[in-house]
Amino acid sequence: MEIALVAHDKKKADMIDFATAYKSILSKHKLYATGTTGQRLIEEVGLEIHRFNSGPLGGDQQIGAKISENDLDLLLFFRDPLTAQPHEPDVNALLRLCDVYGIPLATNIGTAEVLLKGLESGFLDWRTDIHGEDWTL
């Protein structure tokens, strides 16, 4: 699967801890991240990640483009709900695209754990229905 990892500044440490705990699962997939988050994941966790621009410099939009092109399967976006973000319209657009295209989205560690445990167990194969038919857009 193709998975994007994004974290606001005050949530980057949580993303590092999460990725460290789930490195064995994440490392089996193609990973993408916005600039600083991606760099920290590469340096501190040792994951292979394709880095986009920083979120405020268009990274959120680059991930959104992958979603709209049906090239992303899962988004883990650890948001900081208590701090105003200068690029909030971009963030909202990204979350909206997840809803439009049916992309599983976790905005906190609890939901991210459920999604990755489902992925690991083989239960999270959302692109295929019970008859084995692809129903993606």
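The values are calculated or read from the model by the stated rules, or taken from the named source; none is laboratory data. Because the structure is a prediction, the values reported are computed rather than measured. Quick reminder, even Gly has a Cβ in these numbers, built from the backbone with ideal geometry, and neighbours come from all protein chains shown. Areas reflect the complete protein model, heavy atoms only, side chains present, ligands, DNA and RNA absent. Shrake-Rupley method; radii C 1.70, N 1.55, O 1.52, S 1.80 Å.
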Within segment 102-121, considering residues that are in a helix (DSSP H, G or I) and among the polar types (S, T, N, Q), the one most open to solvent (accessible area, probe 1.4 Å): S121
Any idea which of D14, D90, D99 is out of contact with any helix residue (DSSP H, G or I) (no Cβ under 9 Å at 6 or more places or on another chain) and either within 17 Å of T111 (Cβ to Cβ) or not β-branched (V, I, T) (or both)? D99
Per the list (1) at positive phi; (2) under 12 Å from the mean Cα position of the chain (by Cα), residue check on G102 breaks on (2)
Just checking, which of N53, N70 is closer than 16 Å to L97 by Cβ, assigned to a loop (DSSP other than H, G, I, E, B), out of contact with any strand residue (DSSP E or B) (no Cβ under 6 Å at 6 or more places or on another chain) and not small (G, A, S)? N70
Does segment 83-101 include one or more residues that are over 22 Å from A65 (Cα atoms) and either modelled with pLDDT under 90 or loosely packed, with under 15 Cβ neighbours inside 10 Å (or both)? yes
Could you tell me whether any residue of segment 60-68 is in contact with a helix residue (DSSP H, G or I) (Cβ under 6 Å, 6 or more places away or on another chain), open to solvent by 40 Å² or more (accessible area, probe 1.4 Å), at pLDDT 95 or above and within 23 Å of K117 (Cα to Cα)? no
Only one of K30, K23 that is touching an Asp or Glu at 6+ places or on another chain (Cβ under 8 Å) and either within 22 Å of K117 (Cβ to Cβ) or crowded, with 18+ Cβ neighbours inside 10 Å (or both): K30
Cβ-Cβ distance below 6 Å, separation of 6 or more or different chains: which pairs start in segment 96-107 with a residue that is touching a residue at least 40 places away in the same chain (Cβ under 8 Å) and end on one that is open to solvent by 40 Å² or more (accessible area, probe 1.4 Å)? none
Would segment 69-79 turn up any residue that is closer than 19 Å to H50 by Cβ and free of Cβ contacts under 8 Å to residues at least 40 places away in the same chain? yes
Out of (1) part of a helix (DSSP H, G or I); (2) β-branched (V, I, T); (3) buried (at least 21 other Cβ atoms within 10 Å of the Cβ), the odd one out for V6 is which? (1)
